[in-house]
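Below is one structure, written out as structure tokens; comments come after it.
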Amino acid sequence: MLAALCLGTISALGQDKIEVGEYASLSGGNASFGQSSHNGIALAFDEINAAGGVLGKQIDLITEDDRSVAGEPSTIVRKLISQDHVIAILGEIASSKSLEAAPICQENKIPMISPGSTNEKVTQVGDYISRVCFIDPFQGKVMAKFAISKGWKNVAILTDVKQDYCVGLANAFRDSFTASGGAVVKNSTYSTGDKDFRAQLTDIKPTHPDAIFVPGYYGEVALIARQARQFGIKAPLLGGDGWVGESLLKVAGHALDGSYFSNHYSQDDPSPVIQSFVKTYQAKFGQVPDAMAALGYDAAKMLADAITRAGTTGEPQLRDAIAGTKNFKGVTGDITLDADRNAIKAAVILTIANGGFQFVQRVAP
Amino acid sequence: MIEFIQQLINGLSLGAIYALIALGYTMVYGVLRFINFAHGDVFMVGAFAGFYIAPAVLKFSNGNPSWTGAAIVLILAMVICAILGIVIEKLAYRPLRDRPRLTVLITAIGVSLFLENFGQYAFGVDPQFFPDLIGDHAITIPAWCGPFTDLTIMVSQVLVFVITIVLLVALRFIVMKTKLGMAMRALSVNPLATSLMGVNNDVVISFTFGLGSALAGAAGILISIQQPSIDPLMGLQPGIKAFVAAVLGGIGNIPGAALGGVLLGVIETLVVGYSDRLHIPSGYRDAVAFFLLILILLFKPTGLLGRVEREKV
């Protein structure tokens with residue numbers, strides 16, 4: 001009913017434009033995520049509009065900043081739906097933020113596609129919520145198997161308890177790692193925004209872990225790595241896609257050399273799809289696209305593809321077209337949504353060496 | 001045992017950081033009875049001032065860490081923050097001086113939000129790496145100390161601790177022994193009577209803000225040397241913790257702020273370090289610390305070193 005009302009307003013407002021909303025952390029602690037995914041989305045829509053748009057209409061992107069602050073996404077998303085009458089919403093990277101906005105999108109019957117929220121619960125909110133990335137049970141399993149394959153039996157875990165993403169990934173890793181015969185020698189926690197991790201590291205050090213699993217976000221991970229090395233802890237750190245941020249290596253220096261993390265794609269991948277994306281992105285924004293930029297790009301392209309296949313922006317046709325996405329050729333891999341609207345695709349493991357990320361291996365689902 | 005001593009050192013070092021920021025908070029409150037919520041953001045500006053000045057200063061030592069360079073950066077950042085503090089007082093607080101305290105308090109929150117957003121606009125939103133000014137490294141503990149050689153103490157941690165004590169003593173000296181300090185104390189008791197005695201209140205208040213902001217600037221540099229990741233929102237969390245430390249010690253009381261900061265740092269660290277054995281999830285660190293705060297304030301409402309003041313009716 002509400003959606004029908006919204007649609008009525010849109011067609012009354014103008015026939016030539018499709019309004020798509022985006023909420024992202026363009027400022028604040030996770031700004032690197034928001035800016036990358038925003039650039040990726042903007043690039044995708046620019047390309048689509050230059051090629052004539054979808055269904056003969058141009059796509060108009062309305063972006064709002066949630067400042068990485070909890071509580072903001074719900075306000076912003078309500079605004080996008082009720083004032084801007086968007087037909088679909090893209091966002092966010094951090095799972096806690098997506099989990100805030102998802103119930104609102106579901107309630108208003110507006111499809112939401114998350115570019116990079118990997119926490120399992122996000123798409124469980126309802127059938128209007130989907131994502132273009134893999135989920136944490138998979139990501140956790142990939143890193144757990146990798147640790148076992150390296151012969152690391154004793155691992156300490158250091159988690160950010162304020163982030164659903166970090167807690168979910170830590171649990172996924174712990175389950176898979178202990179099931180494969182590994183032992184978690186210490187579970188320690190911190191909170192987003194902390195800068196002093198000496199208490200946790202002092203506690204971890206005497207357990208002599210082979211590796212430390214730190215499934216946090218780049219801002220804190222860089223300082224954790226530095227302080228761990230100051231304490232003489234030489235064990236490599238392991239992590240997930242939350243490590244991807246421009247400042248990670250700037251702040252960490254050499255402290256993360258020899259550490260590993262799982263990611264959605266590698267910009268060094270020689271595949272022509274990736275290389276051409278890297279080239280156009282670099283020409284436009286002057287920097288190499290990270291995984292969040294690639295995911296933003298894929299989310300936007302996947303939405304446009306679904307609109308074309310549905311032949312309308314009406315519901316529930318658009319919702320069903322998104323859910324029915326099969327073998328969509330994205331930059332981050334071939335995207336097929338499963339019954340829970342999670343993308344089934346491969347992960348890559350990267351390592352840090354010579355001041356950059358290096359491709360280690362690709363892990364198929 | 002060694003682990004416990006290490007945790008105490010960690011706690012003292014974290015507490016010294018809170019104390020350093022709390023000093024400025026408490027001094028401004030002591031004189032003006034006004035909580036300057038923008039204090040944490042002046043602290044952030046101090047860190048960024050250092051970030052932009054440091055490369056120019058380090059050129060004289062060919063980009064290598066140097067103590068003289070660090071001292072110059074520290075002093076310049078303090079001067080910049082002092083000027084900023086005086087300007088903020090002049091533009092935002094002075095026009096409201098005769099209004100209710102609440103008006104000024106809300107304005108302070110406004111100034112804080114302005115500095116945070118201006119910082120994001122001017123400095124960028126991503127964390128930046130603060131250059132290593134002093135060649136920070138772990139202190140080698142001589143072998144005759146036996147098991148104590150396992151302790152990890154960074155040069156920067158000692159530096160923060162020493163400078164906090166030096167500033168504490170200097171501040172106490174200024175407030176208690178100088179003419180200007182006497183004027184500050186007089187003003188805190190009765191501004192009208194003070195001006196009748198021939199004291200220029202504007203000058204004293206400007207000086208108070210300048211001094212408080214210079215302290216925030218010093219804290220910004222010292223903390224960034226120890227935790228070299230700076231961003232425009234870095235003042236938020238330490239600002240709140242320092243405020244709590246100041247209240248814990250008795251707001252307005254300078255040694256109290258230092259005591260409160262150290263206490264808060266040690267409690268937080270011990271909760272995290274011994275969460276397993278205490279059966280408290282380490283994520284409850286703040287909850288435990290603030291519970292203790294409530295407990296202390298229940299029994300000593302003026303804070304640990306605060307004095308009871310009678311309101312005249």
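The H on the amide N of A:Met112, modeled in the peptide plane, is under 5 Å from the matching H of A:Ile89, A:Ile129, A:Ser130, each at least 5 residues off or on a different chain.
For region A:335-365 and region B:193-225, write down the distance between their C-alpha centroids in whole Å. When both Cα centres are located, 54 Å separates them. For chain B, the longest principal axis of the alpha carbon atoms and the long axis of helix B:236-249 meet at an angle near 70°.
Centre-to-centre separation between the Cα atoms of region B:243-282 and those of region B:12-81: 22 Å. Using only Cα atoms and rounding to the nearest 10 degrees, what angle (0 to 90) does helix A:2-13 make with the longest principal axis of chain A? Tilt of helix A:2-13: around 60 degrees. Counting beta carbons within 10 Å around each of B:Phe118, A:Phe261, B:Phe51 and listing the fewest first gives the order B:Phe118, B:Phe51, A:Phe261.
Just tell me how shielded A:29-42 is by partners: mean number of partner chain Cβ atoms within 10 Å of each residue's Cβ, no decimals.
Values: counts 7, 2, 8, 3, 0, 1, 3, 0, 0, 0, 0, 0, 0, 0.
Rounded to a whole number, the mean comes out at 2.
For A:Ala283 and A:His254, the FRET efficiency from 1/(1 + (r/R0)^6), where r spans their Cβ atoms and R0 equals 35 Å, is about 0.65.
Local charge for B:Phe173 was computed over the other residues whose Cβ lies under 14 Å away, with Lys and Arg +1 and Asp and Glu -1, and equals +4. Beta-bridge orientation, chain A: approximately 35 percent antiparallel, per DSSP, counting only bridges with both partners inside. Nearest 5 is fine: what % of DSSP beta bridges in region A:136-263 come out antiparallel, could you say? Percent antiparallel among DSSP bridges in region A:136-263 is about 0. Remark: region B:1-61 is approximated by an ellipsoid whose semi-axes, taken from the C-alpha gyration tensor as √(5λ), come to 27, 25, 8 Å, largest first.
What ranking do A:110-121, A:175-186, B:193-204 get when scored by the average of other Cβ atoms within 10 Å per residue, highest first? Before the final figure, lay out the partial values.
Numbers: A:110-121: 26.9, A:175-186: 15.7, B:193-204: 13.7.
Descending packing order for the listed peptides: A:110-121, A:175-186, B:193-204.
For region B:184-194, putting each phi into the Karplus relation 6.51 cos²θ - 1.76 cosθ + 1.60 with θ = phi - 60° gives couplings of 4, 5, 4, 4, 5, 7, 7, x, 5, 4, 4 Hz, in residue order, rounded to whole numbers and with x for Gly and Pro. For region A:130-205, the Cα-based Rg and Dmax, in that order, read 13.3, 41 Å.
Indicate the gyration tensor shape class of region B:156-313 (rounded, prolate or oblate), computed on the Cα atoms with a ≥ b ≥ c the square roots of the eigenvalues: a/c under 1.5 is rounded; otherwise a/b larger than b/c is prolate and the rest oblate. In terms of gyration-tensor shape, oblate. For A:Ala147, the shell of other residues with beta-carbons less than 14 Å away shows a net charge of +3, using +1 for Lys and Arg and -1 for Asp and Glu. All other residues whose Cβ lies under 11 angstrom from that of A:Lys57 are scored, Lys and Arg at +1 and Asp and Glu at -1, for a net of -2.
Quick one: compute the contact order of region A:136-263, relative version, from alpha carbon pairs under 8 angstrom and 6+ residues apart, as a percent.
It rounds to 26 percent for region A:136-263.
I need the shape label for region A:206-348. Rule: rounded when a/c is under 1.5, else prolate if a/b > b/c, else oblate, with a, b, c from the alpha carbon gyration tensor. The shape class here is prolate. Remark: relative contact order (region B:19-236) = 43 percent; criterion is Cα-Cα distance under 8 angstrom and separation of 6 or more residues. Measure nothing but the geometry: give the 0 to 90° angle between the long axis through the Cα atoms of A:95-108 and the longest principal axis through the Cα atoms of chain A, rounded to 10°. Roughly 20 degrees between the two axes.
Averaged over peptide B:79-91, how many Cβ atoms belonging to another chain are found within 10 Å of each residue's Cβ?
Values: counts 0, 0, 0, 0, 0, 0, 0, 0, 0, 0, 0, 0, 0.
If you average over the peptide's residues, the count of other-chain Cβ atoms is 0.
In units of the rule-of-thumb radius 2.2 N^0.38 Å, the protein assembly as shown shows an alpha carbon radius of gyration of 1.03. Only DSSP H runs of four or more residues enter the estimate; each adds -39500 (n - 2.57), and after division by the residues of chain A the mean residue ellipticity at 222 nm equals -13500 deg cm²/dmol.
In chain B, the calculated helix contribution to ellipticity at 222 nm averages -23000 deg cm²/dmol per residue, counting -39,500 (n - 2.57) for every DSSP H run with n ≥ 4. Expressed as a fraction of 2.2 N^0.38 Å, the value expected for a compact globular protein of N residues, the C-alpha radius of gyration of chain B is 1.03. The orientation-averaged shadow of the Cα convex hull for chain A, equal to a quarter of the hull surface, comes to 16.5 nm².
How do A:Tyr165, B:Tyr29, A:Tyr218 line up, fewest other C-beta atoms within 10 Å first? Let's see the in-between values first.
Working: A:Tyr165 28, B:Tyr29 22, A:Tyr218 25.
Ordered from fewest to most neighbouring Cβ atoms within 10 Å, A:Tyr165, B:Tyr29, A:Tyr218 come out as B:Tyr29, A:Tyr218, A:Tyr165.
Using the Stokes-Einstein relation with a Kirkwood hydrodynamic radius computed over Cα pairs, the translational diffusion coefficient of region B:87-176 at 25 °C and a viscosity of 0.890 mPa s comes to 136 µm²/s.
The Cα center of region A:237-286 and the Cα center of region A:71-86 differ in position by 31 Å.
Compactness of region A:136-263 was expressed as the Cα radius of gyration divided by 2.2 N^0.38 Å, which yields 0.93. Looking at the protein assembly as shown, the DSSP beta bridges with both ends there are about 40 percent antiparallel.
Place a label point 7 angstrom from the Cα of B:Met1 along the Cα-to-Cβ direction, then list the residues of region A:185-210 whose backbone nitrogen is under 13 Å away. Inside the label zone: nothing.
Looking at the square roots a ≥ b ≥ c of the eigenvalues of the Cα gyration tensor of region B:102-144, which shape do they give, rounded for a/c under 1.5, prolate if a/b is larger than b/c, or oblate? Provide the component values of the computation, followed by the final result.
On the way: a/c = 6.18, a/b = 2.21, b/c = 2.80.
Taking the square roots of the gyration eigenvalues as a ≥ b ≥ c, region B:102-144 is oblate.
Every number here is computed from the coordinates shown, using simple stated rules; none is lab data. Because the structure is predicted, anything quoted here is derived from the model rather than measured. Cβ: placed from backbone, ideal geometry, glycine included. Neighbour counts: every protein chain shown.
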